[in-house]
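Quick notes on the structure that follows.
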Amino acid sequence: MKNSHHHLIGLLLLFGFASVAYGWLFAYVPVLQYEAPDCFFSFGREFLLEWLDHPGALLLYAGRFLRQFYHYTWLGALVIAAAVTAFTLLLYLVQKRLSPSVPLFHTFFPGLFLLVLHPISTATIGLIAASVAFLGYLLLPGRARRGYALLATVGLYFVAGGFFWFFIAWVVAAEWLHRPWPSGRLFKILYPLTTACLPLVGYRWFFQVSFRVAFVYPFDIPRSFLDWAFFSYLVFLPLWVGIDWKARLERFRYWPRSAAAQAALLIGVAGSLLFLSYDENADSFADYHRLYKDRQWEAILYRARRDPSPAVMTQFFTNYALCKKGRLLDEMFHYPQTWGTRGLVLNFPEELEAQRKAMYNSDLFFEMGHINAAFRCAFDQMNQGFTYANLKRVAECNIVNGNYAMAEKYLNILEKTLFHREFVRRYRDIIADTAAADRHFAHLRSRIPTVEFECDLGIILDLLALQKSDPGNRLAFEYLTAWCLLAKTSLPLVVDNIHRFAEAGYTSLPIHCQEALMLWESSTGTAIDTRGFAYDAETRSRFGRFMQQLQRYPSTSGARVGLQAAFGGTYMYYCTAFVPPREGTPSSSWIRLGNELFFRGEVDEAISCYRQVLWKDPESFEAHVRLGNALMFQGKSEEAEAHFRQALQIRPEAAGMFSSRYKVRPGRDHY
């Protein structure tokens, strides 16, 4: 069989291999990348013009165009396979022009590396562009070839940016290695010098970019050894082609002689590289993400039970599924909760990480009915760039709020995409009929918070606003209660709001709330008014056994190991054995919230906020004084005086602040 036939069969096998790999084993690559801003593409002049302010603009534009097909995983796999196969074919044709004999290994090994390292990345498309330009150079005769090289270099710089250096390196190597010295001496000397000045021209007159960007963008400097090896090999491509690899390799005793054996070796190498690059965590996340988008809550819980994971996104998906099934406050601690409140609502302190996860919070708040919070999360993610998801959410939020003109702005953008025009048509039909819009969004509009707070408490303030505006909003109430349980330091909010369970439709206290209340009674020595709710006998018995066995373990690490088998699914175990990430909410924010509630006349809620501060910081002077104020206003003078005395012990010099004539009125900011 001819060598060309071997390569044709190899290309077909490569296409099939890549399609299967990224349609099955590596399906998480297109799934996760599609949620990123670098997959957003919109037809039209405006979107194209956004890319013309730096070198390599059309290369990035082409990458966005191809990645939009990740909308369907199977289609994304075919696009990846086609791109890698196209590069391998071009590589073969280039080598065929430079040498009559091209070994299989020499052609397909770079293609397999590209498949593993850079599927449908800027590197893949940039190398394809450079290969096409170099193949055109090789197809032309002597002088025409050199004139073409000059023109192609200029065009490639503007089209592919930093990848034009590959073309320059290949042309220089081909001229010096495959042409006699007297032929084109002036071109051999001046070509690399003049083309190296091209980025300086772009930097000075065409692009308002940094010096480094003008020279290399959008090519990324390799960070790993494999990347360095891969790109170094490609730079010296004409040099490798000039070596008689067949004769050299056949000197090795165990080198495979037949094409079939070489193909088997290539497949083995490709399989090994793919296996080493497989990311189990990303695959698991993509699977959860698919189930989450399909709203398969039981499937999420089944997977979480079968393969418990400490990953924060697994915790988020699990908690959301539990809430949708109405079992969050009864079963949440049956699953790992190592991330604390960050696994309930993705409140990361790092801004970039928070923006990446913002759409999941937007989904959560949109479902609860806090449209402004959902809008804010989606809009924050736009700081990284447009995605199909954040554009849809911003449009939906504007429609729910009745801001149809602003919604039309985002629908116009989505209308120019390939796979989301049906979404635009459906919502435009709703906008056109006001009565239909009222019916469609009635359940969301009824949940929009009517209460606003001026203090800064982050995400929990949104949950408080939802619960206070609509006590029957069970989703918001469960998330707020779960947040208090996970934070540990917010147990006073649970204790002081037991009456809210009846308002939310509960006929009995959830299991984990019972455990938390009994833990509070045990630690404070005070009985709680459960407002007609009773503790289950089984829960009370389990709590008693836990407290007895806890005394056997003087250290937290010992309790974590010793109590896990019998009590691993309880709140007592979580509260004793785990230290979740510390919340960034300062005590002063809770005090400001308490003050705001007190000035509105909502004294009981204000007291809850002050108790929340003292639970975390018993030495807070201001919290003691503010709590004393509130208790004094309710006529509970003995309790108020107790807190005033504690405040004086903390700060004796403040004695002049208190007197027997002390009075406080809601609506005035004084002690």
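The values are calculated or read from the model by the stated rules, or taken from the named source; none is laboratory data. Only a predicted model underlies this, so the values are computations on that prediction, with no experimental measurement involved. Every residue, glycine among them, receives a Cβ derived from its backbone with ideal geometry; neighbour counts consider all protein chains shown. In case anyone asks, the SASA skips ligands and DNA or RNA and just uses the protein heavy atoms, side chains included. Shrake-Rupley method; radii C 1.70, N 1.55, O 1.52, S 1.80 Å.
Rank Gly161, Phe225, Gly184 by how far each Cα sits towards the positive end of the charge dipole of segment 160-233 (+1 on Lys, Arg Cβ; -1 on Asp, Glu Cβ) and give me just the farthest.
Positive-end residue among those listed: Gly184.
Tell me the label-point distance for the pair Leu25, Glu503, using the 7 Å Cα-to-Cβ offset, in nm and rounded to one decimal.
5.6
Once Rh for segment 481-552 is found with the Kirkwood sum over Cα pairs, what is the Stokes-Einstein diffusion coefficient at 10 °C and 1.306 mPa s, in µm²/s?
Estimated via Stokes-Einstein, D reaches 124 µm²/s.
Relative to 2.2 N^0.38 Å, what does the C-alpha radius of gyration of segment 331-469 come to as a ratio? Two decimals please. Before the final figure, lay out each step's value.
On the way: Rg = 16.2 Å, N = 139, 2.2 N^0.38 = 14.3 Å.
Dividing the Cα radius of gyration by 2.2 N^0.38 Å gives 1.13.
When the accessible area of the chain is computed with all protein chains present and a 1.4 Å probe, what percentage of it is carbon and sulfur?
58
Need one word for segment 1-69: rounded, prolate or oblate. Basis is the Cα gyration tensor (sqrt eigenvalues a ≥ b ≥ c); a/c below 1.5 gives rounded, then a/b vs b/c decides. Please list the in-between numbers first.
Values: a/c = 3.92, a/b = 1.74, b/c = 2.25.
Oblate, because a/c is 1.5 or more while a/b does not exceed b/c.
Give me Rg/Rg_expected for segment 408-482, where Rg uses Cα atoms only and Rg_expected = 2.2 N^0.38 Å with N residues.
Cα Rg divided by the expected 2.2 N^0.38 Å: 1.49.
If each residue of separation counts as 0.36 nm, what is the full-extension length gain between Ala436 and Phe65 once their alpha-carbon separation is subtracted?
My answer for the length gained is 130.0 nm.
What is the distance, in nm, between label points placed 7 Å from the Cα along the Cα-to-Cβ direction at Arg421 and at Leu151?
The answer from the label model is 3.7 nm.
What FRET efficiency comes out for Cys455 versus Glu639 if R0 is 30 angstrom and r is the Cβ-Cβ distance? Round to the nearest 0.05.
That gives a FRET efficiency of 0.75.
Within segment 20-46, what residues put their amide N at less than 19 Å from the label point 7 Å along the Cα-to-Cβ vector of Asn412?
Hits in segment 20-46 for Asn412 at 19 Å: 41-46.
Sort segment 464-520 into rounded, prolate or oblate with this rule: let a ≥ b ≥ c be the square roots of the eigenvalues of the Cα gyration tensor; rounded if a/c is under 1.5, and if a/c is not under 1.5, prolate when a/b is larger than b/c, oblate otherwise.
oblate
Across segment 339-344, in residue order, what do the Karplus-derived ³J(HN,Hα) couplings come to in whole Hz, using 6.51 cos²θ - 1.76 cosθ + 1.60 with θ = phi - 60° and x for Gly and Pro?
Running phi through 6.51 cos²θ - 1.76 cosθ + 1.60 with θ = phi - 60° gives 8, x, 5, 5, x, 9 Hz.
Mean shadow of the chain, computed from the convex hull of its alpha carbons, in nm²? It would help to have the intermediate numbers written out before the result.
Numbers: hull surface 163.5 nm².
Answer in nm², one decimal: 40.9.
If you stretched the chain out fully between Asp617 and Ile221, how much longer would it get, using 0.36 nm times the residue separation minus the C-alpha to C-alpha distance?
137.6 nm
Can you compute the helix-only [θ] at 222 nm over the chain? Use -39500 (n - 2.57) per DSSP H run of at least 4 residues, normalise by all residues, nearest 500 deg cm²/dmol.
Working: 41 runs with 446 residues, N = 671.
Result for the chain, helices only: -20000 deg cm²/dmol.
When the chain is fully extended, how far beyond the present Cα-Cα distance does Val269 get from Glu367, taking 0.36 nm per residue of separation?
So the chain would gain 30.5 nm between Val269 and Glu367.
For the residue pair Arg428 and Ser101, what label-to-label distance in nm results when each label sits 7 Å from Cα along the Cα-to-beta-carbon direction?
So the two model labels end up 6.4 nm from each other.
HN-Hα J couplings of segment 184-191 from phi, Karplus 6.51/-1.76/1.60, θ = phi - 60°, integer Hz, Gly and Pro as x?
With the stated coefficients, segment 184-191 comes to x, 4, 4, 5, 4, 8, 7, 4 Hz.
In whole Hz and in residue order, list the ³J(HN,Hα) couplings for segment 296-307 that follow from phi through the Karplus curve 6.51 cos²θ - 1.76 cosθ + 1.60, θ = phi - 60°; x for Gly and Pro.
9, 5, 5, 5, 5, 5, 4, 5, 5, 6, 5, 9
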